[in-house]
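Here the structure comes first, spelled out in C-alpha cells, and everything after it is commentary.
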C-alpha cells in the first residue's frame, strides 16, 4: 500500500512538474504577437554589398533628413571609424577587413532589424511601439513619452533619441519605409541598391533563398543566416563571407529578447499575487505588531 | 485517365514547340535539343528538371568576333548616367580567361541569351531568388573591377574616365639554362604593334588582374617553360635568334636587316611589304620588287627637290650610286669642286624649301 502511494505521489508530482515547465516555457516564448506568415523582410547579402552608401543617401532623402548630394557619398574616409544609426541617419554602412582578400573589404549596412518578437514593443510602457503585419516595427511619436526604455531594451541598440527639443521627445529609427510601402513602393534603400545586396521579399521566402545560397556557394558564404533564429528571428536577415562576429554582429541567443523580462513580469502579476501578497504581508505585520492586552501575557 | 493525361502532356509539349518557333531564325530549335538540359519532356519554370550543367562541353560555340562592339547599360534620367559597355573589347579580353561564359553563365551553347531573359528588369517582383538585371550587372562588373582596380567607386564606369589600359611590358627578359645564350629578350611591344599579335594568341587562362592590377605588375608575363608560344613563328630559326648573352634592345630594322626605314617607309605597315602570312621573310631590297615601274611614274618633286635644267634629264644612278637612295647623293662623280648639300643641282620645294 505504502509503495503504491509513493508511486502515485511521484506520478502526480511529475505531472505537476511538467505542467509547471510547460507554463514557464510558454511564458518565455515572448508576447503572442500576431506574426503574419506573409510578413516582409530584407535579405542583406554582405558579400554583394559594394559600400557605395547609396542606401544612406536614399534613406535620408526618403525620410526628409538633411543630406549632402549623392556624389559626396563616394567619400570612403567615413569608413575609418565605426558608425551607428542615429537621429541624423537611420541607416549606416560600416567597413570590415576581409581576411581572404585585404583589397576587397566587407561592407555591412546597419539599421533596425525589425524583430519578430521586438523588445522595444514589449518594453514600451505607453504602447507607442508595434509590430505591423507587413513586418515593420514602427512607433507612434504622439504616444511616446521619451522614457527611452526601447533604447535600453533593443538587443541591437538601434533606437536613437533626438535631443534637439527637450519637451518634444522623439525616438528615431528605421521604419522599414512603412509609408512608402503602403503606397506600393519598395523601401528606399532596397530600391536604390545597385548590386541588389538588399533583397526585399516575404521573410520566410528570404530565409529559404539565403539558406540555398549558403549551400550552393560554400566558398562565398559562411554557414548560417544571421537573424533566422537570433532573438526569436528578425525581419532583416544577413548573409556573410566571414564569421558574423568579425562583422560586429552581437552574439545573441535564440530566445526572444522580451522573453525573460516578460516571464518575470507576467509571473509576478499572475493570479493577483502581488496585491494578495502585499495585503498578506501587511496583515502579518499588523498581527505581529498588534498591541496585545498585557493581562494575557501574565497569565 | 492515363490517355487523357498523355493527351494533355502532348498538347503541352506541342504548345512548348510553338513557343520555341518564335525564337529568331538565328537559333533554330534543332541546335539544342530539350533533352540536352532537361530530363523531362515538359519542364516547367517551377520544376525545370535540369540535368547537371554541361556548360563545360559547350564552350567555344561563340567567339568574340560575334560580340556587338558596344551596348548601353542603364537608362538615362537616373542617379547615374548610363554606361557605354565596350562589349567586344571585353569579349576579346575574356578569350584569355573563361570566354563568353564568364558573364553569360547559363548559356548552353546555341544562341547566347540576353541577361534580361533571366534577370528581371523589375526590382519589385515575385521571384527574388536571383538578382534583378541591375543587381546582376553590377555584381558581374564590380566583382572583376574591384579585384584589379581595388575600388568600387561608381565613377569607375559611370562617367568620363578614360578606359583602363593593360599594363603591357615593352620587353620581357628571360633567364634560361641554355649555356650558349642564357638571356632571351622578348620584345613584347614589337610583337603586338608590329607583328599584330593578339593578346589571346599567347595569353591563356589569365585573370583580369594579371594585366590590369598595378600591384601585380609582371604577373601577366608568360613563363618561358617551353618553346611552344614562340615556335609557331620561329620554328625554323637558329637558337641564337632568341638566345643571347646580353639583353637585346628594341628591334631596329636597319640594324637587323640592313634596310633602314626612313621617311616614307617608316610610316608603312609591315604587311605592306612583307606580304607572307605568319612570319616576316626577307624581301628583295630593289625598289622594283615593291614599286614596279616606279622610274616612269616617279617625280623627284615628291621628295622636296626640283632639278634645274642641267640635271633634270640625268639617270637616278648618276647621283645615287648603287641605288642607295637612302644615303645623301654625291657630286664628286662629275664635279671636282662641288658637294651636296652645300651645292644643289636645283631648288628645294615644299617643306624642305621653306627651311
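Every number in this text was worked out from the coordinates using simple rules, so none of it is lab data. Since this is a predicted model, take the numbers as computed values, not measurements. With ideal geometry, Cβ positions are generated from the backbone for all residues, glycine too; neighbour counts draw on all protein chains shown.
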* To do: Could you work out, residue by residue across A:190-198, how many beta carbons of other chains sit within 10 Å of that residue's beta carbon, and then give the average as an integer?
  => 6
* Asked: Between residue B:222 and residue A:38, what FRET efficiency comes out of the Förster formula 1/(1 + (r/R0)^6) with R0 = 60 Å and r the beta carbon distance, rounded to 0.05?
  -> 0.55
* Asked: Which of A:233, A:183, A:135 moves most in a GNM of chain A, Cα contacts under 10 Å?
  -> A:183
* For chain A, what relative contact order do you get, as a whole percent, if you take Cα pairs closer than 8 Å and at least 6 residues apart? -> 25 percent
* Asked: Quick one: A:279, B:178, fewest Cβ neighbours within 10 Å first, how do they rank?
  -> A:279, B:178
* Give the share of C-alpha pairs in each 5 angstrom bin for the range A:152-216, from 0 to the last occupied bin, in whole percents, shortest bins first. => 3, 13, 14, 17, 19, 16, 9, 5, 2, 1, 0
* Asked: In degrees from 0 to 90, rounded to the nearest 10, what is the angle of the helix A:2-28 Cα long axis to the longest principal axis of chain A?
  -> 40 degrees
* Evaluate the Debye formula for chain A with equal point scatterers sitting on the alpha carbons, no solvent, and hand back log10 of I(q)/I(0) at q = 0.06, 0.07, 0.08, 0.13 Å⁻¹, in q order, two decimals. => -0.30, -0.38, -0.47, -0.96
* **Surface/4 estimate of mean projected area, convex hull on alpha-carbon atoms of the range B:161-266, nm²** => 9.1 nm²
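Please give the FRET efficiency for residue B:246 paired with residue B:288, using the beta carbon to beta carbon distance and R0 = 51 Å, rounded to the nearest 0.05.
Approximately 0.85, to the nearest 0.05.
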* At each listed q (0.16, 0.21 Å⁻¹), what is the log10 of I(q)/I(0) that the Debye formula gives for the range B:66-146 modelled as equal alpha-carbon point scatterers? -> -0.69, -1.18
* To do: Could you calculate the contour length gain from residue B:301 to residue B:232, that is, 0.36 nm times the residue separation minus the distance between their Cα atoms, to one decimal place in nm?
  => 20.4 nm
* To do: Determine the percent antiparallel among the DSSP beta bridges restricted to the protein assembly as shown, to the nearest 5.
  => 90 percent
* Restricting attention to the alpha-carbon atoms of the range A:141-299, what are Rg (one decimal) and Dmax (integer), both in Å? -> 26.3, 94
* Under a 10 Å cutoff between Cα atoms, tell me which one of A:79, A:176, A:129 has the largest fluctuation in the Gaussian network model of chain A. => A:79
* Per-residue mean of C-beta atoms belonging to partner chains within 10 Å, peptide B:129-136 -> 4
* Could you calculate the FRET efficiency of residue A:71 with residue B:113 from 1/(1 + (r/R0)^6), where r is the beta carbon distance between them and R0 is 35 Å, rounded to 0.05? => 0.50
* Asked: Over all residues in B:143-151, what is the mean tally of Cβ atoms on other chains that come within 10 Å of each residue's Cβ?
  -> 3
* Bin by bin, in steps of 20 Å, what percent of the Cα pairs in the protein assembly as shown do you find, going until the bin that has the longest distance? -> 12, 30, 26, 17, 9, 4, 1, 0, 0
* To do: Please give the helix A:258-269 orientation as an angle from the longest Cα principal axis of chain A, in degrees from 0 to 90, rounded to the nearest 10.
  => 20 degrees
* Asked: In degrees, nearest 10, range 0 to 90: what is the angle between the Cα axis of helix A:273-288 and the longest Cα principal axis of chain A?
  -> 40 degrees
* To do: Counting helices only, and only those DSSP H runs with n ≥ 4, report the 222 nm mean residue ellipticity of the protein assembly as shown as the sum of -39,500 (n - 2.57) divided by its residues, in deg cm²/dmol to the nearest 500.
  => -8500 deg cm²/dmol
* Asked: So how far apart, in nm, are the two label points at residue A:97 and residue B:45 if each is 7 Å from Cα heading toward Cβ?
  -> 4.6 nm
